[in-house]
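The values are calculated or read from the model by the stated rules, or taken from the named source; none is laboratory data. Computed from a predicted structure; not experimentally measured. Ideal geometry is used to build each Cβ from the backbone, glycine not excepted, and the neighbour counts take in all protein chains shown.
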Amino acid sequence: MEDSSRGHVPQAQQERLGPFFSQTHLPTGLSWEGHRPAYHAETLSSPPKKLETWSKSDKVEFSYEKTQLIPFGKKGRQQHLPYCSFAGNSIKLIRQMKMLGVILDVGLNGLAHLNYIRGKITKILNRLTIARGRRGLSEKVLKVLYKRALERILTYAAPTWWAGTCREIYKINSIQRQVLLTISGAFCTTSITALQVTCCTIPANFNCDLEVAIFQMKHQQPHVSVFGEEIEGPQLEVYHRTWIHPSTIVKVQWDMCSPTSSFSIFTDGPKINGRVGAAFHIIEGNNTADFQFPLEDHVRALIYDTVSLHSFKAHIGIAGNEAADKTAKEASTKPTINLSLNLPERALKTQLKQKILEHWQKTWEDRNNTKGRFTFAIFPKVSTTRCIDNRFITQAATNHGLCPSYFRRFNIKACTCRCGEDTTDNIQHYAQHCPLVSHLRSKISPSHSFLHIISNRATSKDLQ
């Protein structure tokens with residue numbers, strides 16, 4: 001139930017209730033069993049009565065016209081919503097409710113939230129399309145905007161609504177498809193699997209699985225699985241952030257110069273096979289220490305003496321750094337582990353992303369997958385670093401372009417190439433073999449692979 005309270009609350013009551021009044025909407029959860037509407041109404045009337053008693057005792061007034069209730073049934077959507085009243089006023093019953101940017105519906109299946117996200121991303125894409133034409137935004141810029149903004153909108157609060165059902169996967173991939181079509185400039189008939197590989201973008205449903213797994217590991221849930229494989233290993237490291245006043249922070253100098261003092265400490269910590277070796281190499285000059293000095297001078301020297309940090313490249317001939325590196329490598333290869341630490345969150349994300357890439361590669365290589373096989377012949381390995389920033393090259397890599405084979409495949413026009421040499425008449429035929437456009441191919445030869453034609457700058461210009 002969602003309530004909206006306003007006014008008539010003494011300041012002392014607000015201070016005593018604290019964060020209860022920091023939010024406008026007050027959610028209340030309720031569950032029941034049975035099928036009789038009278039039983040539902042009777043059960044629903046008990047919590048509002050308690051809330052009414054509390055409001056009278058603490059002198060809080062509620063705006064009844066803004067109070068809403070959404071029922072969640074154990075078997076999904078309720079055909080007939082039950083009746084509920086609060087303080088003699090009927091409560092408005094709704095089937096969807098927005099809380100903290102997430103759309104909750106009576107089915108609790110996440111589809112309503114995905115429909116809301118689709119409309120939100122569509123508006124952003126329309127504005128980006130206008131800016132692309134007027135401001136000259138390139139495909140690379142659009143991909144960065146997707147990774148930094150749109151992807152975060154798409155996977156926002158995924159642990160609360162993502163269940164990985166077939167309908168959710170279909171909807172979220174269709175939303176991602178709209179974005180990838182805008183980024184790549186490919187034909188709308190291009191399959192989502194080919195678009196994901198061409199644009200080097202991880203499938204959206206895999207990203208949602210990643211967010212859910214990280215959330216479960218953070219909250220130390222007993223059984224966490226990704227793609228049907230249970231994650232086993234050390235527990236996640238928990239970091240409790242504490243607030244420190246800026247004036248109490250000790251300032252330390254930092255530069256990239258070599259140390260010049262007689263007393264230096266070199267550190268190194270290489271990571272090898274999941275193990276990190278920590279080494280400290282201390283170099284102290286042959287200076288003699290004079291212990292006969294006044295205490296006042298000693299304290300003043302400690303106050304004005306500072307610690308400086310230096311960072312420099314490895315393996316450039318600095319003796320202390322080389323010694324620390326050698327010792328740290330020896331420590332990381334020891335048969336026994338001196339200290340076992342919990343897994344950092346960043347390391348967990350790296351491991352899960354590696355699992356996602358492996359699973360993505362398996363689905364791309366699946367023989368039962370009939371989508372994007374022309375693209376698979378060009379890019380057999382998935383990647384997140386490759387980026388095709390030209391729409392004509394994208395059309396060539398997906399084999400969805402203005403050629404006779406495309407027209408025949410989608411029943412647009414029954415036609416063939418006028419040269420009559422190849423019955424396939426696809427984009428590769430025009431790019432390498434068709435004699436009618438040989439005068440346009442100055443850098444492309446039939447011996448070149450299609451991957452070379454797309455990747456090489458000179459041949460890709462001929463392809464365009």
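When TYR156, TYR146 are screened for being farther than 23 Å from GLU229 by Cβ and buried (at least 19 other Cβ atoms within 10 Å of the Cβ), only TYR146 passes. Identify, from the list HIS315, HIS359, the residue that is at pLDDT 80 or above and either under 30 Å from VAL212 (Cα atoms) or surrounded by fewer than 11 Cβ atoms within 10 Å (Cβ to Cβ) (or both). Selected residue: HIS359, the only one of HIS315, HIS359 that is at pLDDT 80 or above and either under 30 Å from VAL212 (Cα atoms) or surrounded by fewer than 11 Cβ atoms within 10 Å (Cβ to Cβ) (or both). Out of the residues in segment 218-263 that are of a type in the set (A, V, I, L, M) and at pLDDT below 80, state the one that is surrounded by the most Cβ atoms within 10 Å (Cβ to Cβ). Ranking the candidates gives LEU236 first. Of all the listed residues (PHE280, PHE266, PHE215), the sole one being part of a helix (DSSP H, G or I), at pLDDT 75 or above and surrounded by 10 or more Cβ atoms within 10 Å (Cβ to Cβ) is PHE215.
Can you tell me which residue within segment 366-381, out of those that are over 24 Å from the mean Cα position of the chain (by Cα) and among the charged types (D, E, K, R), is surrounded by the fewest Cβ atoms within 10 Å (Cβ to Cβ)? Top of the filtered list is ARG367. Meeting the requirement of 3 or more residues that are touching a helix residue (DSSP H, G or I) at 6+ places or on another chain (Cβ under 8 Å), the helices (runs of 4 or more DSSP H) wholly within segment 310-427 are 345-365, 373-378, 391-398. For segment 97-115, a residue qualifies if it is part of a strand (DSSP E or B), exposed (fewer than 15 other Cβ atoms within 10 Å of the Cβ) and not charged (D, E, K, R), and exactly one does: MET99.
Condition check ((1) within 30 Å of ARG152 (Cβ to Cβ); (2) part of a loop (DSSP other than H, G, I, E, B); (3) at pLDDT below 80) across all residues:
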| site | (1), (2), (3) |
| --- | --- |
| PRO19 | yes, no, yes |
| GLN23 | yes, yes, yes |
| HIS40 | no, no, yes |
| THR53 | no, no, no |
| LYS59 | no, yes, no |
| GLN78 | no, yes, yes |
| PRO82 | no, yes, yes |
